[in-house]
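The values are calculated or read from the model by the stated rules, or taken from the named source; none is laboratory data. Being a predicted model, the structure only gives us computed values, none of them experimental. For neighbour counting, all protein chains shown are included, and Cβ atoms are generated from backbone atoms with ideal geometry for every residue, glycine included.
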Amino acid sequence: MVNKYTARYKSKYDCISEGRKGKLRLDFNENTIGCSPKAIAAIKNICAEDLAAYPEYTAFKNKLAKFLEVNAKNLFLTNGADEAINLVFNTYLKRDDQLIIPTPSFEMLNIYAQNIGAKVISVLYKKNESNENNSSTKNEFIFPTKDVLAQINNRTKLVVLVNPNNPTGTVIDEKDILKIVEKARKNNAIVLIDEAYYEFYGKTCIRLVRKYNNLIIVRTFSKAFGLAGLRLGYAIADERLINNLKKISSPYNVNSIAVIAADAALDDVSYVKKYVDQITESRRFVEDGLNKLGFKTFKSEANFMIADFGEDVNKVVNGLAQKGILVRDRSRYQLLKDCVRITLGTKDQSIKFITEIKKILRQKVILFDLDGVLVDVNNSYRLAIKKTSEFFAKKKISDKEIQALKAKGGYNNDWDLTEAIILTRSLKIEKQKIIQKFQEFYNLFRKNEKLLIKIQTLQDLSKKYRLGIVTGRPRDEAGYVLNRFNVLKFFDAIIAMEDCGKKQKPDPFGINLALKRLKIGSIGKKDALYIGDNIDDIIAAKNAGIKAIAILQKDVNSESLKKRMLNLGALKILDDINQLPSVIA
Ligand SMILES: *Cc1c(COP(=O)(O)O)cnc(C)c1O
């Protein structure tokens, strides 16, 4: 049968907001923890009469007007900001009328315009970004004030400003807004400012409504207030504009429950304030976390931000979805190639988000021994061994002898090794004295330490792998050298002497502890790799059931040692740690 009824409206919003309950909803910019408990309590108190009667608005409207410091005559409650926008469009636009929408922006704007058959003039935001991939310098979108002003003329009926803008997070300077409102007024055009994210930004244009009779501000209880399910928004404008909106709205567009809950929520605005503070903190945390992983983020003043995941975009979006974390893929929008919009939640939710992304991107793990692998200790620990043994033995000890003992393994740490050398000179010295002397020397020499691995190598590796350290060094001394070279940030787990107690390498305890801290299960273990420079390292890796690669500096030319390492399962023996990325690629 032919359907002879032609719908006036054609397009529809592809709303995929189904099946989200229980998931971490970082996709629709809602409040991620919910509304004030006072709102819930108010709803629980609802009685039959509240539902039997048509809704009443006056008391709530007066309260909201007072809260907003506007006159109630300038306020109109709507079924979400969405209805307010739709009413404005239907009131002030007809087929072929022109409206200006800075783009990319809130998806519904285009849909409402299309439904009417109005002509959208899209003005593109400016994109300011640095070319450095993991740059912490600010990337941002900039509101195209000049271009918008240039497009306003006597055919313009409406200019829509979303401030802060969804999805870019961009804000518009008030002096730019004023220029636009004034030029629009000269051309008899309305300006609609969508302040859905006002609470996160803190600046509003509500005051301007008194001065400009062509200005409409739209707000909502859906975002910061955590009441998206109730559908409550409002418009603020000159009384005549408000009366025009009322003409086409249905009489009871807002339901009683929404009014009751929002009324209670207004008694607890400190709840919203606290939430906004958490979001501000999360914004820095997520930005920092993603930048460290090498992804660009864009400056935002709202509870969401744009991140550019480059070629990893699908992997990230799908990987997160599998973990029950929803984000909004905006990679097909203009200016937003490979970009995702991420709603910011609490600190804990942000930690979860970053942790999962790390797991998705870098499932493989590389663990490093510190001394002789990442750090050259020939002129620190080695020298301390030599000087301490010579101090007690009162004889010269050759580098070669130390080198050979070190490579052979079997000593838990350099103190034990020093004691062994002294013992070969048939001297029994109290261990505590050896340790004390050794530390004196080491503290003198430690400034001689050099980094063997280049920062670039660490950066390359840290993009694809999660990195950790398993060292026999005391924790403070490990921290000292890592901080000194500013490389601590590359490592997600550091296992030091104190973590292992008596179970030093070749016991696999340290390696297993690192894998546990990195949450590597039996599957991930197959790909884990340990990089060491002596036989105990290779045995520890073998005992832990992971692969090993040995680094032997060029002056260690023992063929038998190399053979033993290979026999123990070392995949390769390199003489320079910086060869690692190409060897494992
Ligand atoms: C979410 C959103 C809205 C819709 O808000 P409701 O009150 O839930 O209809 C309007 N404008 C922008 C920019 C939004 O992001």
| field | In the range 211-237, the residues that are without any contact (Cβ under 8 Å) to a residue 24 or more places away in the chain and within 13 Å of the ligand (Cβ to nearest atom) | value | Gly229
| request: Report, by residue number, each residue of the range 182-192 that is surrounded by fewer than 22 Cβ atoms within 10 Å (Cβ to Cβ) and either within 15 Å of the ligand (Cβ to nearest atom) or not acidic (Asp, Glu) (or both). | output: Lys183, Arg185, Lys186, Asn187, Asn188
| message | Could you list, ordered by first residue, the pairs with Cβ atoms under 8 Å in which the first is in the range 570-584 and small (Gly, Ala, Ser) and the second is in a strand (DSSP E or B), at least 6 apart or interchain? | response | Ala570/Ala548; Ala570/Ile549; Ala570/Ala550
| message | Given the criteria under 19 Å from Glu30 (Cα atoms) and either in a loop (DSSP other than H, G, I, E, B) or among the hydroxyl-bearing types (Ser, Thr, Tyr) (or both), does Thr280 qualify? | response | yes
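Please tell me if Asn448 is over 30 Å from Arg564 (Cα atoms), surrounded by fewer than 19 Cβ atoms within 10 Å (Cβ to Cβ) and in contact (Cβ under 8 Å) with a residue 60 or more places away in the chain.
Values: over 30 Å from Arg564 (Cα atoms): yes; surrounded by fewer than 19 Cβ atoms within 10 Å (Cβ to Cβ): yes; in contact (Cβ under 8 Å) with a residue 60 or more places away in the chain: yes.
For Asn448, the condition - over 30 Å from Arg564 (Cα atoms), surrounded by fewer than 19 Cβ atoms within 10 Å (Cβ to Cβ) and in contact (Cβ under 8 Å) with a residue 60 or more places away in the chain - is met.
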| So Phe368 fits all but one of (1) closer than 24 Å to Asp527 by Cα; (2) crowded, with 18+ Cβ neighbours inside 10 Å; (3) in contact with a helix residue (DSSP H, G or I) (Cβ under 8 Å, 6 or more places away or on another chain); what number is the exception? | (3)
| query | On the given criteria, is Ile366 β-branched (Val, Ile, Thr), touching a Gly at 6+ places or on another chain (Cβ under 8 Å) and at pLDDT below 95? | reply | no
| Looking only at residues in the range 152-175 that are crowded, with 18+ Cβ neighbours inside 10 Å and outside any loop (DSSP other than H, G, I, E, B), which one is nearest to the ligand (Cβ to nearest atom)? | Val162
| Which one is farthest from the ligand (Cβ to nearest atom) among residues in the range 100-110 that are of a type outside the set (Asp, Glu) and in a helix (DSSP H, G or I)? | Asn110
| task | Scan the range 115-138 and give yes if some residue there is surrounded by 18 or more Cβ atoms within 10 Å (Cβ to Cβ), within 16 Å of the ligand (Cβ to nearest atom) and among the hydrophobic types (A, V, I, L, M, F, W, C), otherwise no. | result | no
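So, in the range 435-477, how many residues would count as being under 27 Å from Leu290 (Cβ atoms), assigned to a helix (DSSP H, G or I) and touching a strand residue (DSSP E or B) at 6+ places or on another chain (Cβ under 9 Å)? Lay out the reasoning, then the answer.
Within the range 435-477, the first condition is being under 27 Å from Leu290 (Cβ atoms), and the residues that meet it are 451, 453-469.
Next, only the ones that are assigned to a helix (DSSP H, G or I) stay: 455-464.
Subset that is touching a strand residue (DSSP E or B) at 6+ places or on another chain (Cβ under 9 Å): 458, 461-462, 464.
Summing the residues that are under 27 Å from Leu290 (Cβ atoms), assigned to a helix (DSSP H, G or I) and touching a strand residue (DSSP E or B) at 6+ places or on another chain (Cβ under 9 Å) in the range 435-477 gives 4.
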| remark: Considering residues that are over 17 Å from Ile217 (Cβ atoms), more than 16 Å from the ligand (Cβ to nearest atom) and not charged (D, E, K, R), the number found within the range 71-99 is 2
| request: Please determine, by comparing only the residues of the range 238-265 that are within 16 Å of the ligand (Cβ to nearest atom) and outside any loop (DSSP other than H, G, I, E, B), which one is surrounded by the fewest Cβ atoms within 10 Å (Cβ to Cβ). | output: Ile257
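Does any residue of the range 431-443 turn out to be at pLDDT below 90 and either more than 30 Å from Leu574 (Cβ to Cβ) or not small (Gly, Ala, Ser) (or both)? So that I can check it myself, show each step before the final result.
Residues of the range 431-443 at pLDDT below 90: none.
Taking every residue of the range 431-443 in turn, none turns out to be at pLDDT below 90 and either more than 30 Å from Leu574 (Cβ to Cβ) or not small (Gly, Ala, Ser) (or both).
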| note | For the range 515-531 the number of residues that are crowded, with 22+ Cβ neighbours inside 10 Å and at pLDDT 95 or above is 2
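Among what's in the range 269-321 and is acidic (Asp, Glu) and crowded, with 18+ Cβ neighbours inside 10 Å, pick the residue that is modelled with the lowest pLDDT.
So in the range 269-321, the residues acidic (Asp, Glu) come out as 277, 281, 287-288, 301, 308, 311-312.
When the remaining residues are screened for being crowded, with 18+ Cβ neighbours inside 10 Å, the result is 287, 301, 308, 312.
Details: Glu287: 94, Glu301: 97, Asp308: 95, Asp312: 86.
Among those residues, the one meeting the criterion is Asp312.
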| Hits in the range 193-210 (condition: more than 11 Å from the ligand (Cβ to nearest atom) and assigned to a loop (DSSP other than H, G, I, E, B)) | Gly202, Lys203, Thr204, Cys205
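Only residues that are of a type in the set (Val, Ile, Thr), within 16 Å of Gly310 (Cα to Cα) and assigned to a helix (DSSP H, G or I): list them for the range 326-360, please.
Just the residues of the range 326-360 that are of a type in the set (Val, Ile, Thr), to begin with: 327, 340, 342-343, 346, 351, 354-355, 357, 360.
Those left that are additionally within 16 Å of Gly310 (Cα to Cα): 327, 340, 342, 357, 360.
Selection gives Ile357, Ile360.
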| Residues of the range 57-70 satisfying the condition of being under 18 Å from Leu245 (Cβ atoms), touching a helix residue (DSSP H, G or I) at 6+ places or on another chain (Cβ under 7 Å) and free of Cβ contacts under 8 Å to residues at least 24 places away in the same chain | Lys61, Ala65
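Would you pick out the residues in the range 551-578 that are closer than 28 Å to Ile360 by Cα and small (Gly, Ala, Ser)?
First, pick out the residues of the range 551-578 that are closer than 28 Å to Ile360 by Cα: 570-572, 577-578.
Correct list: Ala570 only.
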